[in-house]
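The block underneath contains the structure these notes are about, expressed in structure tokens.
The values are calculated or read from the model by the stated rules, or taken from the named source; none is laboratory data. This one's a predicted model, so the numbers in the text were calculated from it and none came from an experiment. Cβ coordinates were reconstructed from backbone atoms using ideal geometry, including for glycine residues, and neighbour counts include every protein chain displayed. Heads up: the accessible areas ignore ligands, DNA and RNA and are worked out on the full protein's heavy atoms, side chains in. Shrake-Rupley method; radii C 1.70, N 1.55, O 1.52, S 1.80 Å.
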Amino acid sequence: MEYKHVPVLLSEVIENLCIRRDGIYVDGTLGGGGHAAEICRRLGEQGLLLGIDRDEAALAAAEERLAHFPCRKEFVKANDTQIKQILTSRGIQAIDGAVLDLGVSSFQLDNGERGFSYQHDAPLDMRMDQTQGFSAYNIVNEYSEAELTRIIRSYGEERWAARIASFVVRERKQHPIETTGQLVDIIKAAVPAAARREGPHPAKRTFQAIRIEVNDELAGLEKTVEAFMDVLAPMGRLCIITFHSLEDRIVKEHFAKRENPCTCPPSFPVCVCGKVGDVRRVIRKPMAASAEEVEKNPRARSAKLRVVEKKERRV
């Protein structure tokens, strides 16, 4: 399958990265290389684009797509939580900017064999790293009813979590649940008819929850956000695109805490803890996709962009 990827909030990301021709930039969620291509387009021969992804298909597609750009390029199969080790192994002390486009890529959703989409009947998989043994099949068929309820409620923010979990457990007692089509049918049966007629597809939140659990996305995100802020050079910028409230909340809170780490009680007239932030939020409210972009790419509808900049070191 051809690796297609429509980069979300592309112009906003590029504008906020303030790319230097000789700079070092990281795309920590490389995907098909949509954001990376525009970064490379603005880099000179001395500039470096470091692309990281867990998906071998994504890395191969991006390497081919970016081959004609004159800048230096390196592609790494790894989790973006490993950014410090990746840079250290290459003798890089700091980077001038980075972009993280979280969640599942268009290619992964559209490729029926990967099992990410509730719109394609496929084996229950959802692994971003296909060498990983643990998959959606294990969650759906092996988690207890309580565990299923927890992840569907917590990660999917699904009001019918307990009922869906109950229906899943009842069904798998008869036979294993092996495909996304089977799971969608179970979810549709569990969600009351009135609720199915309102809002998004009834399986959307449950599929999101299972995908997050399979790939350990939220726990990894906290480590990733802090690690990327650590490795920014002075005036370097980090752009993060989120697609649901759980991701956005983590990014928002870590950006805010890093900007103002003071632990003094609000009643204190002046700070006595001495903790000073080393980043500043470039935009206070997240940027959203324009109506025109959403019309062209409906998957941009829930996208939010937040940006921080590393402060200059005091002499």
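Quick look at the numbers
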quantity	calculated
Extension reserve of the E295-V272 stretch, reckoned as 0.36 nm per residue once the Cα distance is removed	3.2 nm
Dipole magnitude of the range 39-81, debye to nearest 20 (Cβ charges: Lys/Arg +1, Asp/Glu -1, about Cα centre)	200
Rg to Rh, two decimals, where the range 221-291 supplies the alpha carbon set and Rh follows Kirkwood	1.02
In nm, spacing of pseudo-spin labels at N141 and E74 (7 Å Cα→C-beta vector)	4.1
Projected label distance in nm at D129 and R41, using a 7 Å step from Cα toward the beta-carbon	3.2
Peptide ranges 85-98, 259-272, 210-223 listed from the most packed, as the mean C-beta count within 10 angstrom indicates	210-223, 85-98, 259-272
Whole-number Å³ per residue for the convex hull built on Cα positions in the range 4-159	137
With all protein chains modelled, accessible area of Y137 [1.4 Å, Å²]	80
Cα-centre dipole for the chain with unit charges at Cβ (Lys and Arg positive, Asp and Glu negative), debye to 20	1080
CD proxy at 222 nm, helix term only [per DSSP H run n ≥ 4: -39500 (n - 2.57); per residue of the chain; nearest 500]	-12500 deg cm²/dmol
Distant alpha-carbon pairs in the chain (separation over 25 angstrom), percent	53
Most to least accessible of M287, M235 (protein chains only, probe 1.4 Å)	M235, M287
Label-point gap, in nm, between H175 and A256 - each point 7 angstrom along Cα→Cβ	5.0
Filter on K188/K252; K204/K310; K252/K311; K223/K285; K84/K310 - keep pairs with C-alpha separation over 28 Å	K188/K252; K204/K310
Most mobile of R205, R197, R72 in a GNM of the chain (Cα contacts under 10 Å)	R197
Fraction of accessible area attributable to carbon and sulfur, the range 4-44 (%, probe 1.4 Å)	48
Accessible surface, per residue, of the range 209-315 when the full set of protein chains is kept, probe 1.4 Å, Å²	54
